[in-house]
Amino acid sequence: MIPKNKFDIEAVELLRNKPANEVVPLLPELMTWMQDMNWPVSKHVAELLLTYPTEITPLIDEVLAGDDDMWIYWCLVELVPKLPFYSKLVLAEVVEQIASGQRGFDEDVIELAQEALQSFKP
C-alpha cells in the first residue's frame, strides 16, 4: 500500500479508503515521501498525512529535530501550517528553535519557521 515510486499516486488513493487502523502503522514510512515535494506523489501523501494530525505530530517533531534541511523545509511548508492548533502547540518549541537561527539552518528554513510560527496564533 505504500507508494512504490514517485509516480504511484494510485497507492495513496487506495490508502484514503482504508480504515485508520491499517493506515496509521504506515505513517512513518509515508512521511519519507515528504523529503522532496517535487515528486508527483508527495502532494497526495501530504494530504493523506494531514488527515491524521495527532498521529503525525510526533513524526513531524522528529523531522524538525533532525538536520535534513530539505525535509524540514517541506514539513514547514506543507504540514506544519495546516495542522490544527493543538498539534502546533506540541511543535512550538522545535519550530521556535529553528526560527531563532540557533540550530544553524540556512536562511530559507529559518524564514519558513518564522512564517510557520505566525500560523500558531489561535
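The values are calculated or read from the model by the stated rules, or taken from the named source; none is laboratory data. All values reported here derive from a predicted model rather than from experimental measurement. A quick note on method: Cβ atoms are made from the backbone with ideal geometry, for glycine too, and the neighbour counts reach across all protein chains shown. Just so you know, the surface numbers come from the protein's heavy atoms only, side chains and all, with ligands and any DNA or RNA stripped out. Shrake-Rupley method; radii C 1.70, N 1.55, O 1.52, S 1.80 Å.
Candidates are the residues of segment 1-41 that are over 17 Å from the mean Cα position of the chain (by Cα), open to solvent by 50 Å² or more (accessible area, probe 1.4 Å) and of a type in the set (Asp, Glu); the one that is nearest to Val80 (Cα to Cα) is Glu13.
Candidates in segment 42-67 are the residues that are of a type in the set (Val, Ile, Thr) and crowded, with 16+ Cβ neighbours inside 10 Å; of these, the one that is nearest to Ala11 (Cα to Cα) is Val45. Scanning segment 88-122 for residues that are among the charged types (D, E, K, R), out of contact with any Pro (no Cβ under 8 Å at 6 or more places or on another chain), surrounded by 13 or more Cβ atoms within 10 Å (Cβ to Cβ) and not in a loop (DSSP other than H, G, I, E, B) returns Lys88, Glu96, Glu111. Taking each residue of segment 56-76 that is over 15 Å from Val45 (Cα atoms) and of a type in the set (A, V, I, L, M) and looking for partners that are open to solvent by 30 Å² or more (accessible area, probe 1.4 Å) and in a loop (DSSP other than H, G, I, E, B) with beta-carbon atoms closer than 7 Å, six or more apart or interchain, yields Met70/Asp36.
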